[in-house]
Amino acid sequence: MTSESTHNQPNDLKTKTARGIKWGFLNNGSIQLLSALIGIVLARRLSQEDYGLVGMLAIFSSLASTLQDSGFCTALTNRPQVIHREYNSVFWFNVGMSVLLVSLLWLCAPLLVSFFDEPRLLWLSRFYFVGLLFSSLGAVPRALLFRDMRQKELTIISITAMLVSGTVGIVMAYWGMAYWGIAAQSVVYVFVTIVMSWKMSGWKPSRDISFEPFRRMIGFTSKILVTNVFTQINNNVFSLLLGKFYRATEVGTFNQANKWNTMGTNTISGMVQGVAQPTFVKVGNDRERLCRAFSKMLRFTCFVCFPLMLGLALIAPEFIVVLITDKWLPSAALMRWLCIGGAFLPLSMLSTGLLLSRGKSNVYMWNVIAQGITILLTVLAVRWLGGSITQMVVAYAAIVAFWSAIWMYFIHLEIGLRLWQAVRDVVPFLVVALAAMAATYFITRSITTPWLLLALRIPLAAMIYVAALWLAGAKILRESLSYLK
């Protein structure tokens, strides 16, 4: 390799990463916008009970999806080079696991009916789990696109799938099929995603199956599997507990609040995750360069996530009332606390991307397990002490925010990033975002009309935040504006 090509390699990676972030933002931003529009239409048509019924199934579907992949797609992304035989082995493993899991879930549907005391879940759950069969077929083509940082193709796939599935869900809801429309939307989304992933990737399986690649990846993937199981438990613990201890209406109220929080965090986390792990893998073992790359991505993540999520918390009541009517107003308080906790979630996602790129699946696993157990025990303790759903959510948000600091500690151990440097990268954006939201609140607090309050608070908070960073000379703001130009 010539000295010129060596010199250009960091710039090429920087350009590719920037493009990946751009398409990741367009991908996740477009998906969340479309999801929001579709969600508004459905929420106006359907009831809390309709959302609650489907929400009760979320944890079982998520756990099954995690088991059928078992971490092998993450392992493929993490390998410096991947050959067809490795892709092929993972594909057939996913298909086999999917058939097994869907069969078990189909047979266990009566147990779900008994656990939640809800007869309507019998055939609803069996239909909902069909999507798992489809998803197993598309895991490898999507892993190939993700590994190559082909965010443009992933964006096209996601937007098309969302448009088609959203149309199906809305039509079924207006035909009076209620919760069946929500379930159908999920299944159709997976199906369209698979068809387009195969088309875009150009990859095809073969019948030459070898188990040798599993022996090389099993140590890494087993930890990813355990970690992902706990992650899904963390993400769905409220739907499970509320479905057990409360009515479907309460589950629906929480799920509606969590849906808008998840849209915000997914927009940022998806944008970062789409490039973080592949980028850190390409950087290699240069710890100094890894520190610089991680620090810059950390600043960018904070620059975006704090104003977005804290702003969403600020406008939660009027957002709910204006977009999906005041029948969902009980969701606003829950949404506000979830968004505060969600503001710190992308920081954890960025940290896990670096740890996985370094092969530290054991650190990733034990940290997620510790977090999951802490969340579960805390939520159960609040319930046992007679606390409300809101108090349970506040406890959850506090743990999520606190755990971002623990992730930073492990980043320090791995690449030597000093903790004071991480604090310097995070705190200024947090303080400015909080100040911008507080100023916006006090300026507009005399306004009582929800739609006017919503229309004023969003641009006002954005202007105050950007102006404060500009006056402070924030480099990341100027770089972002320059890139947009």
### Query
How big is the Kirkwood radius of region 340-397, worked out from every pair of different alpha carbons and given in Å to one decimal?
12.8
### Message
Could you work out how much longer the chain between Trp175 and Asp326 gets when fully extended? Use 0.36 nm per residue separation minus the Cα distance between them, nm to one decimal.
### Response
52.0 nm
### Message
What are the ³J(HN,Hα) couplings of region 85-95, residue after residue, when phi is run through the Karplus curve with 6.51, -1.76, 1.60 and θ = phi - 60°? Round to Hz, x for glycine and proline.
### Response
4, 6, 4, 5, 5, 5, 4, 5, 5, 4, 5
### Task
Label region 315-375 by shape, choosing from rounded, prolate and oblate, from the square roots a ≥ b ≥ c of the eigenvalues of the Cα gyration tensor; if a/c is under 1.5 it is rounded, and otherwise prolate applies when a/b is larger than b/c, oblate when it is not.
prolate
#### Entry: q = 0.13, 0.19 Å⁻¹: log10 I(q)/I(0) that the Debye formula gives for region 339-485, counting C-alpha atoms only
-0.83, -1.18
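Please go through the residue pairs Lys259/Lys475; Lys204/Lys296; Lys152/Lys259; Lys360/Lys475 and name each one whose alpha carbons sit more than 27 Å apart in this structure.
Over 27 Å apart, Cα to Cα: Lys259/Lys475; Lys204/Lys296; Lys360/Lys475.
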## Note on the structure
With the convex hull built on the alpha-carbon atoms of region 261-405, volume per residue in Å³ sits at 99
### Message
How many angstrom lie between the Cα centre of region 117-152 and the Cα centre of region 388-450?
### Response
32
#### Entry: Per-residue HN-Hα couplings for region 255-262 [Karplus 6.51, -1.76, 1.60; θ = phi - 60°; Hz; x = Gly/Pro]
4, 5, 5, 5, 4, 6, 5, 5
### Query
What is region 246-485's relative contact order, in percent, from Cα pairs under 8 angstrom and six or more apart in sequence?
26
### Summary
So the pair-distance distribution of region 359-432, from every Cα-Cα distance in 10 Å bins, comes to percents of 17, 37, 30, 15, 1
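Only the coordinates and a few stated rules stand behind these numbers; no lab work does. These numbers were taken from a predicted model, which means no experiment stands behind them.
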